[in-house]
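A quick write-up on the structure given underneath.
The values are calculated or read from the model by the stated rules, or taken from the named source; none is laboratory data. The shown structure was predicted, so the numbers you read here are calculated from the model rather than taken from an experiment. Cβ: placed from backbone, ideal geometry, glycine included. Neighbour counts: every protein chain shown.
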Amino acid sequence: MNLPLGIMTLKPDPSHAYFNEIGRHSTSYKIDLYLFSPQDICPHEETVAGYAFNKDSGNWEQETFDIPTFIYDRTYYDKSLQSRQAKAVVQWLKNQADIRFLGYGLPHKWHLYEKLKDSPLSSYIPETFLLNDHYHLFNLLIKHKDIIIKPVDGAHGFAVYHLLLSNNELTVRTTKNQQIAEQSFSSKDTFLKWAERMLEQFTFIAQQRVINRTQLDTPFDYRILLNKDKNGDWREFQRAVREGPIGGILTNISRGGSYFSQEEWENRYPEANWDFINAELNEILNELPQLLEDQFSPLFELGVDVLLARDGSLWILDINSKPGHKIVETLSIEMLDSLHQSPLDYCEYLHSLSLSSLRRGDF
């Protein structure tokens, strides 16, 4: 009997290239592949209306099926009622004894910080503040002069702001449509009104800005994709350097950034002590996945963003348990088959374990 593996996303798209490639590779596995949204689950019947991958035609076909035993969660949430309802259904799924998620996800950025700041990797975690109100933000800016704020549950560079206090003038910069939008405030009151409106929309964290810019005034950082292999062991799947536009804030590809292989970047800046930097980065990456699983939940893959400051120090900037895969598509086409097989391999590995040996997640 084949294993049922469901790819779960808020808005299932049967034309999605990544999902289609997983489907194409599933033909050589004893796995039946499904694509569905948590919104289309009927909890009473324990069925879901979605798509089943037809291995003969190579197409997704609309079908109603039992909730798959194994779930690859690629669901991203926002503030909408639709999204909140879906999140509740996903938590219900995670509590079902006979359903196994490939990865149970991570909490939002503030909860992550609270755990990591007291961990063995604390020296790589930038000091972070949960913003209480607009006065709190103003006081942090007075103290640190140069800060970054971002939503606790944001992703893909959404709503990231750079705040700078210089010569008694407050400047706020953000990225919109791959361009920098800038606004200056000449008085405390006008800034506080802006900040109050922003903090009503989202819950933000703040960090003092770490200078990570090249001589050409471009921001850059590392993006590392980690996942588990067919034996359930963590591996570094791909590493790259992301560079943002001149004068930019973000390195995200969706915000105008570009990928470079590590070798290409090191050749570009040969004066850096790359042996030392890479040895330290390797230590971080060797320790981080297991630390996260010990503190939170079982995971399957991670996207880790590490910032290299001008003084050579490394900082863990962000951790995503549902990372994108453009890094592989862009730099390592020869690894795409392995990428698309990874969820299938790990599904088989989970099946080999007894239910009683599995931990479950809370997020």
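Checked against (1) in contact (Cβ under 8 Å) with a residue 60 or more places away in the chain; (2) part of a loop (DSSP other than H, G, I, E, B); (3) surrounded by fewer than 20 Cβ atoms within 10 Å (Cβ to Cβ); (4) small (Gly, Ala, Ser), residue 254 meets all criteria but (2). Scanning the stretch 336-355 finds one or more residues that are in a helix (DSSP H, G or I), exposed (fewer than 14 other Cβ atoms within 10 Å of the Cβ), modelled with pLDDT of 95 or more and out of contact with any strand residue (DSSP E or B) (no Cβ under 7 Å at 6 or more places or on another chain).
Residues that are closer than 22 Å to residue 208 by Cβ, in a helix (DSSP H, G or I) and assigned by TED's automatic domain parsing to the domain that holds residue 234: does the stretch 297-304 have at least one? No - not one qualifying residue is present in the stretch 297-304. Can you name the residue in the stretch 221-256 that is charged (D, E, K, R) and more than 18 Å from residue 346 (Cβ to Cβ) and, of all such residues, is farthest from the chain's Cα centre (by Cα)? Ranking the candidates gives 243 first.
Residues of the stretch 185-197 include at least one that is outside the structural domain of residue 283 (by TED's automatic domain parsing), part of a strand (DSSP E or B), surrounded by fewer than 19 Cβ atoms within 10 Å (Cβ to Cβ) and out of contact with any Cys (no Cβ under 8 Å at 6 or more places or on another chain). Scanning the stretch 58-98 for residues that are within 19 Å of residue 22 (Cβ to Cβ), surrounded by 13 or more Cβ atoms within 10 Å (Cβ to Cβ), free of Cβ contacts under 8 Å to residues at least 60 places away in the same chain and in contact with a helix residue (DSSP H, G or I) (Cβ under 8 Å, 6 or more places away or on another chain) turns up just one, 60. Only one of the listed residues (207, 201) is of a type outside the set (Asp, Glu) and touching a Ser or Thr at 6+ places or on another chain (Cβ under 9 Å). That residue is 207.
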